[in-house]
Each structure stands twice: as C-alpha cells, then as structure tokens.
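The values are calculated or read from the model by the stated rules, or taken from the named source; none is laboratory data. It should be emphasised that the depicted structure is a prediction, and the values quoted were computed from it without experimental measurement. Neighbour counts are summed over all protein chains in view; Cβ atoms, including those assigned to glycine, are modelled from backbone coordinates with ideal geometry. Keep in mind that these areas ignore ligands, DNA and RNA; they rest on the heavy atoms of the full protein, side chains included. Shrake-Rupley method; radii C 1.70, N 1.55, O 1.52, S 1.80 Å.
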Amino acid sequence: FQKHEFFVDMTCEGCSNAVTRVLHRLGGVSFDIDLPNKKVYIDSEHNVDTLLETLKKTGKNASYIGEKSAQ
C-alpha cells in the first residue's frame, strides 16, 4: 500500500472522530491521526481522489500533502 499524507482542518477530538468514522465506512484503510498538526496519514489501496473526497465528507477543509515514504 502507498502511505499518503493529508491535511485536515481538525480542531478537536470530535473532528478526529469524524475522520475516523468516514475512513472506517470507506474500509480498506489503516490510518494515523495527528490532531495537533492537523495531519492524517493513510495506508490504502484507494486512490488519492477517493481518500480526499472521503475526508471532505467530514465537512472539514482537507487537502493532499503528498506521499509519505515508508520508514
């Protein structure tokens, strides 16, 4: 899987819960949420457009930062 990095304008626990909810609904993803830095890291076989549209379902401003190199 490719690991992708997204910016999501999350300000609180409720925001990160919304992100968790939409990503679980999409399925086929594993992800980490970095709330203080407003970043979401997603491992998925879905393409970037699908992931970005899914994140936008939270109603938050979301954008694609880029691919994250595996560490």
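For region 15-25, enumerate the residues that are surrounded by fewer than 14 Cβ atoms within 10 Å (Cβ to Cβ) and of a type outside the set (S, T, N, Q).
Those that are surrounded by fewer than 14 Cβ atoms within 10 Å (Cβ to Cβ) and of a type outside the set (S, T, N, Q): ARG21, HIS24, ARG25.
Hey, could you check region 26-46 for residues that are outside any strand (DSSP E or B) and without any contact (Cβ under 8 Å) to a residue 24 or more places away in the chain and say which is most open to solvent (accessible area, probe 1.4 Å)?
The selected residue is PRO36.
For THR11, state whether it is surrounded by 13 or more Cβ atoms within 10 Å (Cβ to Cβ) and either touching a Leu at 6+ places or on another chain (Cβ under 6 Å) or among the β-branched types (Val, Ile, Thr) (or both).
no
Looking only at region 9-25, count every residue that is free of Cβ contacts under 8 Å to residues at least 40 places away in the same chain, over 15 Å from GLU53 (Cα atoms) and either assigned to a loop (DSSP other than H, G, I, E, B) or of a type in the set (A, V, I, L, M, F, W, C) (or both) and tell me the total. Spell out how you get there, then give the answer.
Restricting attention to region 9-25, the residues satisfying the condition of being free of Cβ contacts under 8 Å to residues at least 40 places away in the same chain are 11-14, 16-17, 20-25.
From the residues that got through so far, the ones that are over 15 Å from GLU53 (Cα atoms) too are 11-14, 16-17.
Okay, now just the ones that are also either assigned to a loop (DSSP other than H, G, I, E, B) or of a type in the set (A, V, I, L, M, F, W, C) (or both), so 11-12.
Number satisfying all stated conditions: 2.
List, please: which pairs have Cβ atoms under 6 Å, are six or more places apart or on different chains, and start with a residue in region 49-62 that is in a loop (DSSP other than H, G, I, E, B) and end with one that is surrounded by fewer than 20 Cβ atoms within 10 Å (Cβ to Cβ) and not aliphatic (A, V, I, L, M)?
Within 6 Å, the pairs are LYS60/ASP9; ASN61/ASP9.
Tally the residues that are loosely packed, with under 13 Cβ neighbours inside 10 Å, modelled with pLDDT of 95 or more and among the hydrophobic types (A, V, I, L, M, F, W, C), restricting the search to region 47-71.
Total meeting the criteria: 1.
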